[in-house]
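For reference, the structure is listed below as structure tokens.
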Amino acid sequence: MPPGKVLQPVLKMKVDELFLCWLSESSTQAMLQDCLQRIKMPGGPVGVGGDAGQPGPPFAAPALACRPRGLDSPGAPSLSPASTALPLGAASSARSGPPVRGPRRSAGTRVVQTRKEQPLPPAASLSIPTFYFPRGRPQDAVNVDAIIAKIERTFAQFPHERATMGDMGRVAKACGCPLYWKGPLFCGAGGERTGSVSVHKFVAMWRKMLQSCHDDAAKFVHLLVSPGGSSLAQEDFIPFLQDVVNTHPGLAFLKEASEFHSRYITTVIQRIFYTVNRSWSGRITCAELRRSTFLQPEVPGSGFLGVSWQNVALLEDEVDINQLTEFFSYEHFYVIYCKFWELDTDHDLLIDAQDLARHNDHAISTKMIERIFSGAVTRGKKVQKEGKISYADFVWFLISEEDKKTPTSIEYWFRCMDLDGDGVLSMFELEYFYEEQCRRLDSMAIEALPFEDCLCQMLDLVKPQSEGRITLHDLKRCKLASVFFDTFFNIEKYLDHEQREQISLFRESESEGPELSDWERYAAEEYDILVAEEAMGEPWEDGYEAELSPVDQKLSALRSPLAQRPFFEVPTGLGAVELYEYEHGGDDLPPS
């Protein structure tokens with residue numbers, strides 16, 4: 001073969017080769033010999049009835065006279081025994097009449113050969129109504145021209161018909177949006193680059209928005225998303241939250257402490273993703289926003305206990321930012337940040353496994369700490385390379401640790417306990433974590449339950465659908481998932497559960513009404529303790545007071561209103577500490 005010539009397959013040669021292989025098989029030879037014997041038998045071709053090697057019925061030959069009249073025309077080919085199709089070997093019944101299937105098959109073959117394929121009508125797909133609206137269901141009642149006219153009248157009140165960031169509140173109201181959409185609206189129209197937005201540029205942007213985005217979730221994502229993206233990353237929320245920090249009256253005291261702005265924004269972003277990003281993808285889609293309470297309040301009776309009605313729209317109506325406990329509470333941020341600062345001894349905003357193990361007086365087992373740092377529930381290369389987690393990862397850890405009843409926290413700890421990642425907690429994995437609990441109980445001179453007895457209790461508690469296999473769905477159905485998790489890796493809470501009766505636990509889990517969640521209760525108690533320690537002049541741990549003293553000196557007067565009242569109007573666990581003795585002190589509290 002000359003060089004460079006490409007081999008080309010020959011289809012006919014391959015077909016001939018396959019035909020010869022089929023013809024040379026013994027079963028093929030036996031079938032052909034049997035058919036040949038039937039053809040040679042007197043009486044003409046044999047019908048399809050009968051077994052192989054047996055002569056056909058005596059009326060098989062006259063069946064040739066039953067062919068249609070159309071086949072007797074001079075142009076039609078005569079039907080000879082040699083041209084009869086091979087029998088199919090199917091058994092026939094004597095009650096089926098003369099075997100006319102041979103001629104009918106021939107006639108049917110002619111019809112099939114002359115039939116032309118008819119194209120399928122495309123109208124069947126057009127009859128299905130549209131059911132998928134990724135940017136919201138279009139609304140016929142929206143009067144775009146009226147909305148644009150209202151926006152133009154609002155811009156006419158500004159100098160040169162250009163709106164600054166301070167004017168965007170009125171523009172947001174003209175658009176029919178909540179007040180704190182002003183930041184995303186300003187950035188979506190390109191105002192962060194020029195410092196102001198012209199009426200023509202904003203109207204063009206909003207008209208396009210109304211035509212392409214038909215609900216609040218789609219509009220919010222379109223305003224904040226990076227160019228070319230379709231979902232929100234964590235950094236996309238920074239302009240929106242920075243405007244909240246700058247303009248919300250409940251955060252006015254933070255204007256003098258700009259070093260805390262990024263910490264507060266990071267905390268709120270992590271809480272938004274903790275609650276809204278149910279896919280754990282690191283990006284929030286329109287569908288996830290629609291299913292959450294971030295933009296819209298929840299319909300009464302449709303959610304689970306512990307879900308509050310806090311959302312972006314309430315930022316405008318609620319002056320006290322601490323009442324928005326689901327995302328924006330400053331007091332919740334204060335608790336989280338102080339807990340992190342206590343563990344971060346070198347104050348580099350990173351903590352390692354030894355630092356995290358000191359949380360709550362070493363309550364969490366070493367094996368669980370190792371699983372947290374294994375990358376099962378953390379993102380970023382710091383964990384894999386340096387063995388450290390950031391403040392953002394600590395926010396997820398603390399909320400999951402203090403409230404193990406939410407779907408995200410159950411998923412968090414399930415990922416940690418699922419060692420092989422097969423989506424099932426096996427008995428081996430449960431025993432792996434329980435061994436350390438037994439050793440710690442022995443060191444405390446407390447007799448631990450054998451693993452078999454503990455396993456029976458946990459299986460009775462969870463009631464898994466498959467015997468010996470606990471899935472994520474099983475734990476989400478269980479109302480006492482917190483008891484299950486604490487049994488295997490939190491020694492302090494395990495002992496607390498053991499001292500309380502299971503009946504009381506069930507009553508707490510089945511209680512209805514607007515009661516505080518476990519996280520809200522924990523944050524309220526810890527905040528009261530922190531404020532009381534500040535008020536009483538108790539020092540923090542070594543190194544903590546020196547780092548915070550400059551900030552405390554600036555914010556002591558601003559933070560004093562927070563120290564004058566408890567977080568919630570419910571009894572706390574402080575006992576002998578009386579917070580109200582500082583209510584009318586008159587002077588500012590000394591820095592801690």
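With every protein chain kept in place and ligands, DNA and RNA left out, what is the accessible area per residue of the range 136-214? Probe 1.4 Å, answer in Å². Could you put the intermediate results ahead of the total?
Details: 4030 Å² over 79 residues.
Accessible area per residue: 51 Å².
Rank T267, T247 by accessible area, highest first, at a 1.4 Å probe radius?
Ranking T267, T247 by accessible area, largest first, yields T247, T267.
Peptides 204-214, 233-243: what's the order by average Cβ count within 10 Å, highest mean first?
Descending mean neighbour count gives 233-243, 204-214.
Sorted by accessible area (1.4 Å probe), largest first, how do D346, D528 line up?
Largest accessible area first, the residues go D346, D528.
Please go through the residue pairs K339/K463; K339/K493; K463/K493 and name each one whose alpha carbons sit more than 27 Å apart in this structure.
K339/K463
Once you wrap a convex hull around the alpha carbon atoms of the range 330-504, what is its projected area averaged over all directions, in nm²? Intermediate values should be presented prior to the final figure.
Details: hull surface 43.4 nm².
With the hull built on Cα positions only, its mean projection is 10.9 nm².
On the protein heavy atoms, probe 1.4 angstrom, tell me the percent of accessible surface of the range 330-504 carried by carbon and sulfur.
That fraction is 50 percent.
Averaged per residue, what accessible surface does the range 330-504 expose to a 1.4 Å probe, in Å²?
44 Å²
Rolling a 1.4 angstrom probe over the protein chains, ignoring ligands and nucleic acids, what is the accessible area of D215 in square angstrom, nearest 10?
Counting only protein heavy atoms, the figure is 40 Å².
Anything over 31 Å Cα to Cα? Flag those among K255/K404; K255/K479; K173/K479; K173/K255, in the order listed.
Over 31 Å Cα-Cα: K255/K404; K255/K479; K173/K479.
The values are calculated or read from the model by the stated rules, or taken from the named source; none is laboratory data. Since this is a predicted model, take the numbers as computed values, not measurements. Note that each Cβ is placed from the backbone with ideal geometry, even for glycine, and that neighbours are counted across all protein chains shown. Heavy atoms of the whole protein, side chains included, go into the accessibility calculation; ligands, DNA and RNA do not. Shrake-Rupley method; radii C 1.70, N 1.55, O 1.52, S 1.80 Å.
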